[in-house]
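Enquirer: Starting off with a structure, shown below.
The values are calculated or read from the model by the stated rules, or taken from the named source; none is laboratory data. Source: prediction; values computed, not measured. Neighbour counts are summed over all protein chains in view; Cβ atoms, including those assigned to glycine, are modelled from backbone coordinates with ideal geometry.
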């Protein structure tokens, strides 16, 4: 996993200005997926700790799930590197995964008897927004996840 673009490993723009984004190139085997999840948690921790933005535990867990599903699919179906970009857009985290396969994912019809291949259904169920776009090379998947849940907004704890 390596940082790309004009950002350092802390998600800060080189040159000193603060940034609420980070981009990494993901290469390698199965450990890449766990590294991507850890990067997402670290990124959300920085968003909360350094920038004072509220991030619910639910948002952290859903972001890890989405990162895991998207990176797993990219590593499984596309040859070559995978890029993952994490950024804050309003009150949501955007998870963007690019891979070299131009085939856009399609959610399958619900089938309780089907074993596996439910990742896209899961991602779409937990996301505030989902977009899949073809790129000149490959495709880009963008998923938005709300940083706060309703309990955080009202100041109450829902159990």
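Enquirer: Taking segment 108-159 as the region of interest, how many residues are assigned to a loop (DSSP other than H, G, I, E, B), under 17 Å from residue 77 (Cβ atoms), modelled with pLDDT under 90 and under 18 Å from the mean Cα position of the chain (by Cα)?
Expert: 1
Enquirer: Quick check on segment 34-41. Is at least one of its residues surrounded by fewer than 19 Cβ atoms within 10 Å (Cβ to Cβ), at pLDDT 90 or above, under 19 Å from residue 84 (Cα atoms) and over 13 Å from the mean Cα position of the chain (by Cα)?
Expert: For segment 34-41, residues surrounded by fewer than 19 Cβ atoms within 10 Å (Cβ to Cβ), at pLDDT 90 or above, under 19 Å from residue 84 (Cα atoms) and over 13 Å from the mean Cα position of the chain (by Cα): absent.
Enquirer: Identify the residue in segment 59-87 that is out of contact with any strand residue (DSSP E or B) (no Cβ under 7 Å at 6 or more places or on another chain) and farther than 18 Å from residue 38 by Cβ and, among all such residues, is surrounded by the most Cβ atoms within 10 Å (Cβ to Cβ).
Expert: Among residues in segment 59-87 that are out of contact with any strand residue (DSSP E or B) (no Cβ under 7 Å at 6 or more places or on another chain) and farther than 18 Å from residue 38 by Cβ, the one surrounded by the most Cβ atoms within 10 Å (Cβ to Cβ) is 73.
Enquirer: Something else: Report the residue count in segment 42-63 for those that are part of a helix (DSSP H, G or I) and in contact with a helix residue (DSSP H, G or I) (Cβ under 6 Å, 6 or more places away or on another chain).
Expert: Adding up the residues that qualify gives 4.
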